[in-house]
Amino acid sequence: MQLSSDSSSYRLNSNLADNSVVCLMAPTASGKTALAYELYDTGRYELISVDSALIYRDMNIGTAKPTATELGRYPHHLVDIIDPMQSYSVAEFVNDVARLIDSCHENGKIPLLVGGTMMYYMALLDGLSPVPDSDDSVRVRVEQWRQDEGISALYDYLGEIDPISHERLNATDTQRITRAVEVYLQTDIPISDWQRKPKKALANNPNQQWHALTVMPDRPWLHTRIEQRLDIMWNDGLVTEVIGLLERYPLTPNLPSMRCVGYRQVLEYLVHINHPVFEQSHLDKAQFYSAFGVLQSSDKSSLSDGETEVLACQQMQNKALYATRQLAKRQYTWLRKVMQLPNTSIDMALAADASSDKDSSADRDMVVKTFTTMAQARDYLY
C-alpha cells in the first residue's frame with residue numbers, strides 16, 4: 001500500500017512505515033493542534049481526536065475546540081459525537097479508535113492521534129483491564145443512591161465490598177467511587193479484581209507500527225501559554241456558553257462534561273452569584289448548590305451587587321487558571337508514565353541532537369520518543 005500525498009514537496013519520513021500509527025502527546029496549550037493542521041496538509045494523515053472534552057457538542061470555547069471552519073478544512077474524528085449530558089467510556093473510545101485506525105490505513109493514510117487526554121492514550125498504549133461497562137439500570141440506581149445519601153455512603157459501602165479500592169481512592173472522588181460501586185453491583189466482583197486481570201493494548205497489534213511521541217515543553221513557557229489561552233476563553237464568552245448549555249440541556253453538576261476544567265469553575269461562579277439560569281424547570285437547582293456547598297437561595301439581590309459579582313468573577317478566573325495548571329502537571333506525570341512503558345524502544349530526542357537522531361529499532365511494534373519542543377516532533381514526522 002502506497003500513501004498518497006497532495007504535494008510532491010513532502011516525502012514520507014523513513015521512520016514511518018505504511019502501517020504506522022502516530023500519537024502526538026503533549027500538555028494543554030502546547031501547540032499540538034497547529035502541528036496537526038500542518039501534518040494534515042501534507043495529505044499523509046487523518047486526524048483522530050484524543051480529547052475527552054472535544055467529544056461534547058456545543059462545548060466549544062472552554063474546550064478550545066477548532067472552529068467550524070477549521071473542522072471543515074481539518075476534519076477530526078471523535079469531535080462533537082455526544083451531547084453534554086451523555087457519557088462516553090474509555091472502552092468506547094478504544095473501540096472507536098481501533099475502527100478508525102483500520103479505516104485510515106484502508107484510505108492510504110497514517111492515523112494521527114492528537115489531544116491531551118492522557119488516560120485515553122494509556123488505554124491505547126498500555127491496555128485496558130477487562131472491566132465491563134456499567135449497565136444503564138445499575139448506573140441510574142447508583143446515581144439515585146448518591147443523590148439521596150451522598151457520596152460518603154457509597155464510599156463507606158466500597159470499604160465493605162472492595163477495601164483495596166477504598167484505600168486507593170480519595171473519599172471525594174465521585175466519579176471513580178461511583179464506577180467502582182456500579183461494577184460490583186453488576187458483577188459481584190470488586191473492580192480491583194477486574195483491574196488485576198491481564199490488559200490488552202491496541203499498540204500491541206503486530207500488524208501496526210506505533211509511534212508514541214511525547215512533547216514536554218518548559219513549564220514557565222507553558223504556564224504563559226495557558227494564561228493567554230484562558231484570557232481568550234473569557235473574552236470569547238465562556239460564561240455565556242455555560243449559561244447557554246444550562247438553558248438547553250438537563251445537566252447535573254456531576255456529569256463528566258460539567259467536571260471539565262473551566263466549565264466547573266464557571267458553574268461554581270454562577271451558583272455563587274445566584275444566577276437565574278438555575279430556575280430552569282429542567283434543572284435541579286438544589287443539586288448545583290449542594291455540589292458547591294452553597295445554601296440555596298431565591299434572593300436575586302446578589303446579581304445587582306456589582307462588587308460581589310466582580311469578586312466572584314475574579315475568583316472564578318483564578319481557580320480556572322490554577323485548575324488548568326494542575327491539569328498540565330498531571331499530564332506531565334502521565335507523559336512520564338508513557339516513557340516508562342515496558343517492551344518499547346525508548347529513544348530520548350532532546351534539543352541538542354533531535355535533528356540528527358535516528359531510531360535503530362523502528363521495526364519494533366512501538367517506538368517511544370520524547371521531545372522538548374513541538375518543532376522537534378515536527379522534524380521527526382517529516
State whether one or more residues within segment 25-35 are closer than 26 Å to Leu335 by Cα, at pLDDT 95 or above and open to solvent by 40 Å² or more (accessible area, probe 1.4 Å). yes
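Could you check segment 235-253 and list, in sequence order, the residues that are open to solvent by less than 40 Å² (accessible area, probe 1.4 Å) and part of a helix (DSSP H, G or I)?
Scanning segment 235-253 gives Leu238, Val239, Glu241, Val242, Ile243, Gly244, Leu245, Leu246.
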Just give me the residues in segment 180-209 being modelled with pLDDT of 95 or more, of a type outside the set (Ser, Thr, Tyr) and open to solvent by 50 Å² or more (accessible area, probe 1.4 Å), in sequence order. Gln186, Asp188, Ile189, Asp193
Collect the residues in segment 19-44 that are in a helix (DSSP H, G or I) and of a type outside the set (S, T, N, Q), keeping them in residue-number order. Lys32, Ala34, Leu35, Ala36, Tyr37, Glu38, Leu39, Tyr40, Asp41
Six or more apart or on different chains, Cβ atoms under 6 Å: show the pairs whose first residue is in segment 171-184 and touching a residue at least 60 places away in the same chain (Cβ under 8 Å) and whose second is surrounded by fewer than 21 Cβ atoms within 10 Å (Cβ to Cβ) and part of a helix (DSSP H, G or I). Thr174/Ile151
Is it true that some residue in segment 327-345 is farther than 21 Å from Leu35 by Cβ, at pLDDT below 90 and assigned to a strand (DSSP E or B)? yes
Pairs, first open to solvent by 50 Å² or more (accessible area, probe 1.4 Å) in segment 50-78, second polar (S, T, N, Q), C-beta under 7 Å, six or more apart: His77/Ser49
Test for Ile226: is it open to solvent by less than 80 Å² (accessible area, probe 1.4 Å) and in a helix (DSSP H, G or I): yes
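The values are calculated or read from the model by the stated rules, or taken from the named source; none is laboratory data. Since the structure is predicted, the reported quantities are computational estimates derived from the model, not experimental observations. For neighbour counting, all protein chains shown are included, and Cβ atoms are generated from backbone atoms with ideal geometry for every residue, glycine included. For accessibility, only protein heavy atoms count, side chains too; no ligands or nucleic acids. Shrake-Rupley method; radii C 1.70, N 1.55, O 1.52, S 1.80 Å.
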